[in-house]
Amino acid sequence: MSENRFRVVNQPVRKKDAMQLLLGRPAYVDDVTPHDCLVVKVLRSPHAHALIEEINTDIARKVPGIECIFTYKDVPQKRFTMAGQTFPEPSPYDRLILDRRVRFVGDAVAVVAGETEKVVDKALELIKVKYQVLEPLLDFRAAKDNAILVHPEENWRSLCPVGADNRRNLCASDICGDGNVDAVLASCDEVVDRVYHTKACQQAMMETFRTYTEIDHYGRLHIVSSTQIVFHVRRIIANALDIPKSKIHVEKPRIGGGFGAKQTVVAEVYPALVTWKTGKPAKMIYSREECQIAGSPRHEMEVHVRVGANKDGVIRAIDVYTLSNTGAFGEHGPTTVGLSGHKSIPLYTGNLEAFRFAYDVVYTNVQAAGAYRGYGATQGIFAVESAVSELAARLGIDPVAIREKNMVREGQVMAAYYNEPASACALDRCMARCKELFGWDGKYPVRDMGNGKVRAAGVAMAMQGSGISGVDVGSATLKLSDEGFYNLMIGAADMGTGCDTILAQMAAECLDCSVDDIAVFGADSDASPYDSGSYASSTTYVTGKAVEKACSQLKENICAVAADLLGCAADGLEFAGRTVRKLDGTGEVTLFDIATKSMCGNGTAVEATASHSSPVSPPPFMVGMVEIELDTETGQVDVLDYTAVVDCGTPVNPSLARVQTEGGIVQGIGMALFEDVTYEPTGRIMENSLMQYKLPTRLDMGRLHVEFESSYEPTGPFGAKSIGEIVINTPSPAIAHAIYNATGVWHRELPITPEKVLRGIRRGQA
């Protein structure tokens, strides 16, 4: 594909909201909502598993300024899910707004609303609760078929056949495969059989969960929230409050980061309850501690991998079993787990004779997990890529070479990826280019720098998806407005990713105009066309195609109005950007005149709405190589250089794509080396603030070098695929690989802290 094929697409256009955000203009929930509304907070359980025997709010209600206090006795007894997913949701209906049974330390016990934060805090202290403390189920390895049931209730239900059974503590369970895995493994020269453990990780977005609610002039519940899923919020709140969806209007302002956390309705339900019951405006802002203990972190997973190969490095079979810990509730449990196998095994399609992928998702009495960038692929790729690197070490084969021999290539059908074809795949070129840029041959495997310091290299590759095939819907509305500019209305949520700009670039490319001529609005459940939301790496690929379709329809409508002005048939006209002209060159009319005409004596709407859903989800691919420096005396690991080459199809905006890649890499470094969630024997999370939960900083990321090796996806807009999630998947296996090359010790549990590294070195020396 020619580099200059497009005029606006594939150009580094500045984000539309860049200057407003840089100048600190009001943009976020707390900026754009009244500050004289009720303050809402939640009393949280100190126990991991208990029944509320008595709850006394009499004294707390007498605190001056307290508006209301609600307990489990005051809420609908209709169960729902907080997962922002297309209906019917795969996640089970296992929640109440407030429940008599509390299921983790931090679970909601009561909702308090008052005039100020001070009076609400005082009231929270005065609520007296008597608990019947029950034995908690904290070990997810022992959860399946355990005598302790996290959800014994009779009104628990699962809407989709995902293998869920609350009487077995199962949120989901399944098995699939192709070929005789056991027979092929038995005939392999070498089999790596290992178990890998990834803990929960916090998204730690800058803007915490927050929501404002009010009753509007029409008596409807108006919700302004920092959310990725305005349409799903509407449905979820309607289910929770047991009211019609027509009574709810949801919109989002700017979002200060989400990374998947805001695909779950974490905060919205509590102020919504207060406003619906009292008629008064209310606002809830989660503290950082609440985000840490009652948010929506990555699923803890244990992944058992068996990889079999011949002596020459030909990988013949892969067997993956994933045990996923959904915690107290099932949000995203049935869907995240699938990616751990379906986005890892297909990487090795090249010579694969058989595969099997099985999983169980179990309930426990810890914080409920949810969506986080990578969405299960991150955990599975850490396991499979680590196993392949270990296989290469056993066989004495360069880890790059073994991947080159077995990787999926363009045109191959990926049996482990729902039999989808790799219609656009530059993974081989990504590997070759990354090897060149990184200087692999000069850095692999290890170099002794003296004074106990060694430098070592590691490699990993990854794939993701572009939306959920056959499920996700993207929509866009475009209209020609006064003076000849365009309004683009979308339901996708820009959460700092720049999707407003990217979709505007696509519209500008189609309409042959400047990006400045496209005014973007969204997301609003009343005004925006329906969109599944910003998750699953769907916006560029799915909603982008809807923009492309809407532009095509709009141009036809514009030509119809122009035909009336020029007194000719529409098929004798061509759209030419700022004008519509006759094909014979005898006349033309400007967009300004067309827009003016559309407002007087016109019967053709100069607007168009289009939706798109794709039967396939073409994967982006990525290769990452890392150089670390390891101190053998302390176990300290420093990332020196991280080189990544990504195939996301056509990068619509290379600057934004690069920023996405760099951000994902840093998050992956954090997951690999720093970020840890641990529990006390009581079920209390120890890392309840950013003082305990260590995030990577600018000093921890080393040098980042990102390039793109483009393919052209025929089903995507302008050949584009996705990029949002793929970028977090390579750091953890690449870093684990580099640490092995530095120390001779494999680390199969994340994070790999200096203490673990040092213990590994000492065990190796013993």
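Numbers at a glance
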{"item": "Hey, residue 322 within 18 Å of the chain's Cα centre (by Cα) and β-branched (Val, Ile, Thr) or not", "result": "no"}
{"item": "Filtered residues of the stretch 618-649 (kept if of a type in the set (Ser, Thr, Tyr) and either surrounded by 24 or more Cβ atoms within 10 Å (Cβ to Cβ) or assigned to a helix (DSSP H, G or I) (or both))", "result": "642, 643"}
{"item": "Sole exception among (1) surrounded by fewer than 15 Cβ atoms within 10 Å (Cβ to Cβ); (2) touching a helix residue (DSSP H, G or I) at 6+ places or on another chain (Cβ under 9 Å); (3) under 30 Å from residue 311 (Cα atoms) for residue 192, by number", "result": "(1)"}
{"item": "Out of 751, 696, sole residue that is free of Cβ contacts under 8 Å to residues at least 40 places away in the same chain and either in contact with an Asp or Glu (Cβ under 9 Å, 6 or more places away or on another chain) or part of a helix (DSSP H, G or I) (or both)", "result": "696"}
{"item": "So residue 550, is it hydrophobic (A, V, I, L, M, F, W, C), closer than 30 Å to residue 463 by Cβ and either in contact with a Ser or Thr (Cβ under 7 Å, 6 or more places away or on another chain) or surrounded by fewer than 18 Cβ atoms within 10 Å (Cβ to Cβ) (or both)", "result": "yes"}
{"item": "Residue within the stretch 462-479 that is at positive phi and surrounded by fewer than 18 Cβ atoms within 10 Å (Cβ to Cβ) present", "result": "yes"}
{"item": "Which listed residue is assigned to a strand (DSSP E or B) and of a type in the set (D, E, K, R), from 262, 283, 277", "result": "283"}
{"item": "Lone unmet requirement of (1) in contact (Cβ under 8 Å) with a residue 12 or more places away in the chain; (2) farther than 30 Å from residue 59 by Cβ for residue 120", "result": "(2)"}
{"item": "Number of positions in the stretch 257-269 that are in contact with a strand residue (DSSP E or B) (Cβ under 9 Å, 6 or more places away or on another chain) and surrounded by fewer than 24 Cβ atoms within 10 Å (Cβ to Cβ)", "result": "0"}
{"item": "Residue 391 being surrounded by fewer than 18 Cβ atoms within 10 Å (Cβ to Cβ), outside any loop (DSSP other than H, G, I, E, B) and at pLDDT 95 or above", "result": "no"}
{"item": "Boolean, residue 423 is in contact with an Asp or Glu (Cβ under 8 Å, 6 or more places away or on another chain), outside any strand (DSSP E or B) and in contact (Cβ under 8 Å) with a residue 60 or more places away in the chain", "result": "yes"}
{"item": "Residue list for the stretch 580-617, restricted to those being in a loop (DSSP other than H, G, I, E, B) and closer than 30 Å to residue 722 by Cα", "result": "613, 614, 615, 616, 617"}
{"item": "Scope the stretch 35-52; condition more than 27 Å from the chain's Cα centre (by Cα) and either among the β-branched types (Val, Ile, Thr) or modelled with pLDDT under 95 (or both); matching residues", "result": "35, 36, 39, 40, 52"}
{"item": "Hits in the stretch 53-91 - residues which are of a type in the set (A, V, I, L, M, F, W, C) and either part of a strand (DSSP E or B) or modelled with pLDDT of 95 or more (or both)", "result": "55, 59, 60, 63, 66, 68, 69, 70, 75, 80, 82, 83"}
{"item": "Qualifying residue in the stretch 657-672 (condition: of a type in the set (S, T, N, Q) and over 29 Å from residue 720 (Cβ atoms))", "result": "no"}
{"item": "Wholly enclosed strands (runs of 3 or more DSSP E) of the stretch 478-579 bearing at least 1 residues under 27 Å from the mean Cα position of the chain (by Cα)", "result": "486-490, 518-521"}
{"item": "Failed item in (1) in contact (Cβ under 8 Å) with a residue 40 or more places away in the chain; (2) on the phi < 0 side of the Ramachandran plot, with residue 718 passing the rest", "result": "(2)"}
{"item": "Residues (out of contact with any Leu (no Cβ under 9 Å at 6 or more places or on another chain) and exposed (fewer than 14 other Cβ atoms within 10 Å of the Cβ)) located in the stretch 156-179", "result": "157, 161, 175"}
{"item": "Any hit, the stretch 2-12, residues being in contact with a Leu (Cβ under 9 Å, 6 or more places away or on another chain) and assigned by TED's automatic domain parsing to the domain that holds residue 289", "result": "no"}
{"item": "Yes/no for residue 652 being part of a strand (DSSP E or B), buried (at least 24 other Cβ atoms within 10 Å of the Cβ), touching a residue at least 12 places away in the same chain (Cβ under 8 Å) and not acidic (Asp, Glu)", "result": "no"}
{"item": "Qualifying strands (runs of 3 or more DSSP E) (wholly inside the stretch 189-248; at least 3 residues being of a type in the set (Ser, Thr, Tyr))", "result": "210-215"}
{"item": "Checklist (1) without any contact (Cβ under 8 Å) to a residue 40 or more places away in the chain; (2) not in a helix (DSSP H, G or I) applied to residue 428, failing item", "result": "(2)"}
{"item": "Count of the stretch 12-25 residues which are assigned to a loop (DSSP other than H, G, I, E, B) and either surrounded by fewer than 11 Cβ atoms within 10 Å (Cβ to Cβ) or under 26 Å from the mean Cα position of the chain (by Cα) (or both)", "result": "8"}
{"item": "Conditions (1) touching a helix residue (DSSP H, G or I) at 6+ places or on another chain (Cβ under 7 Å); (2) free of Cβ contacts under 8 Å to residues at least 24 places away in the same chain; (3) crowded, with 16+ Cβ neighbours inside 10 Å: number failed by residue 588", "result": "(1)"}
{"item": "Number of positions in the stretch 438-461 that are crowded, with 24+ Cβ neighbours inside 10 Å and either more than 30 Å from residue 392 (Cβ to Cβ) or among the polar types (S, T, N, Q) (or both)", "result": "0"}
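Okay, residues lined up against (1) assigned by TED's automatic domain parsing to the domain that holds residue 500; (2) among the small types (Gly, Ala, Ser):
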| site | (1), (2) |
| --- | --- |
| 558 | yes, no |
| 585 | yes, yes |
| 588 | yes, no |
| 622 | no, no |
| 630 | no, no |
| 634 | no, no |
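The values are calculated or read from the model by the stated rules, or taken from the named source; none is laboratory data. These numbers come from a predicted model, not from an experiment. Glycine gets a Cβ as well: all are built from the backbone with ideal geometry, and neighbour counts include every protein chain shown.
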